[in-house]
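Report on the following structure.
The values are calculated or read from the model by the stated rules, or taken from the named source; none is laboratory data. Small disclaimer: the values here were computed from a predicted structure and weren't measured. Using ideal geometry, Cβ is built from the backbone for each residue, glycine included, and neighbour counts are taken over all protein chains shown.
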Amino acid sequence: MSIISTLGTLMRDIAAQGLSALETLFERLRALYDRDAETRRKVAFSVAMIALAAKMAKADGVVSQNEITAFRRVFTFPPDEERNVFRLYDLARQDTAGFEAYASKLRGLCSHSCDGDCGMLTEVLDGLFFIAAADGFVHERELTFLHRVGEIFGLSEAEFERIKARHVHGGQGGDYAVLGVAPTDPIPVIRRRYLELVRENHPDRLAARGVPQEFMSIAVERMKAINVAWDNISRVQAA
C-alpha cells in the first residue's frame, strides 16, 4: 500500500469513529510505524508537506491556481490518490489548531522518525517556499509564516536564508547565498561548494533523509536554482 493510500485509510477510520482527525492521525502514525524507521520518515515528510501547505494557504488568505499547480508539481501522485491527498489538505486547512502548534507536532514526529536527525525538515521548508513563490513572489505573510516554521523546525538563520535565496531572487548577491558562499571567496572554493551541493542533492541522498519518491521534484527545482547560481557566478568571475 502506498503512503498516500495508508494516510487515506487512516483518515477514513478516524472519521468513522468521530475522533479529532489530525490529533489522532499523529498518534496512529507513531504507533503504526514504530518499528519501521524508513517508512516513518517518508510518512512524516508527506504529512508535513500536505498539511503545512494547507496551513500556509490559510495564513495567506488566498489559494491561487498557481499555488495549487505548484503543489501538484512538488507532489506527484496518481490520479486515483487525489481524493486522499486533498482530504488531508482540507482537514489541515480547517483545523482550529494554529500552524505553530501544528509545526511543533510535525517536528516531534520527524524527530522520533529520524532518531534525532531532522535534515528532512529543510526539504519540507524548501517545498513550501516553492509553493509560496508560485505566483511570482513570496507575500509578506507567507514569508512570516515560513520564517516561523523554520524556527520551530530548529533551522538556523543561515539555513533559512539559503533556502529563501533559492526562491526570493536577490540578484548577484542571491546567487552567492544560494550556494552558501561569500562574494570574496575564491572561485575554486565556490566551485567546490557547488559540487558538494550537487552530491548532497542526489536522489539517493534525499531518499536517505526521508524524502519520498513522490516529492523528488523538489530536488529537481532546487538543482535548477543551484546550477543557475553557479552559472551566473562563474560567468561574472570569468569576465
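When segment 137-180 is filtered for residues that are among the charged types (D, E, K, R) and over 16 Å from the mean Cα position of the chain (by Cα), the ones remaining, listed by number, are Glu140, Arg141, Glu157, Asp175. Identify, by number, the condition in (1) at pLDDT below 85; (2) at positive phi; (3) touching a Lys or Arg at 6+ places or on another chain (Cβ under 7 Å) that Gly180 doesn't meet. Gly180 satisfies all of (1) at pLDDT below 85; (2) at positive phi; (3) touching a Lys or Arg at 6+ places or on another chain (Cβ under 7 Å) except (1).
Restricted to segment 188-219, and to residues there that are at pLDDT below 80 and among the β-branched types (Val, Ile, Thr), the residue that is nearest to Ser46 (Cα to Cα) is Val211. Ile3 - would you say it is under 26 Å from Ile131 (Cβ atoms), touching a helix residue (DSSP H, G or I) at 6+ places or on another chain (Cβ under 8 Å), at pLDDT below 70 and β-branched (Val, Ile, Thr)? Here the answer is yes, as Ile3 does meet what is asked.
Filter segment 118-141 down to the residues that are closer than 12 Å to Phe99 by Cβ and modelled with pLDDT of 90 or more and list them by number.
Hit for segment 118-141 is Leu128, nothing else.
With respect to being over 16 Å from Gly136 (Cα atoms), among the charged types (D, E, K, R) and touching a residue at least 24 places away in the same chain (Cβ under 8 Å), Arg73 falls outside the description. For the subset of segment 93-106 comprising residues that are surrounded by 19 or more Cβ atoms within 10 Å (Cβ to Cβ) and modelled with pLDDT of 80 or more, which member is nearest to the chain's Cα centre (by Cα)? By that ranking, first place goes to Ala103.
With respect to (1) over 30 Å from Ala101 (Cα atoms); (2) in contact (Cβ under 8 Å) with a residue 12 or more places away in the chain; (3) of a type in the set (A, V, I, L, M, F, W, C), the lone exception for Val189 is condition (2).
Take segment 129-157 and flag every residue that is among the aliphatic types (A, V, I, L, M) and closer than 18 Å to Glu221 by Cβ.
Within segment 129-157, Ile131, Ala132, Ala133, Ala134, Val138, Leu146 meet the criteria.
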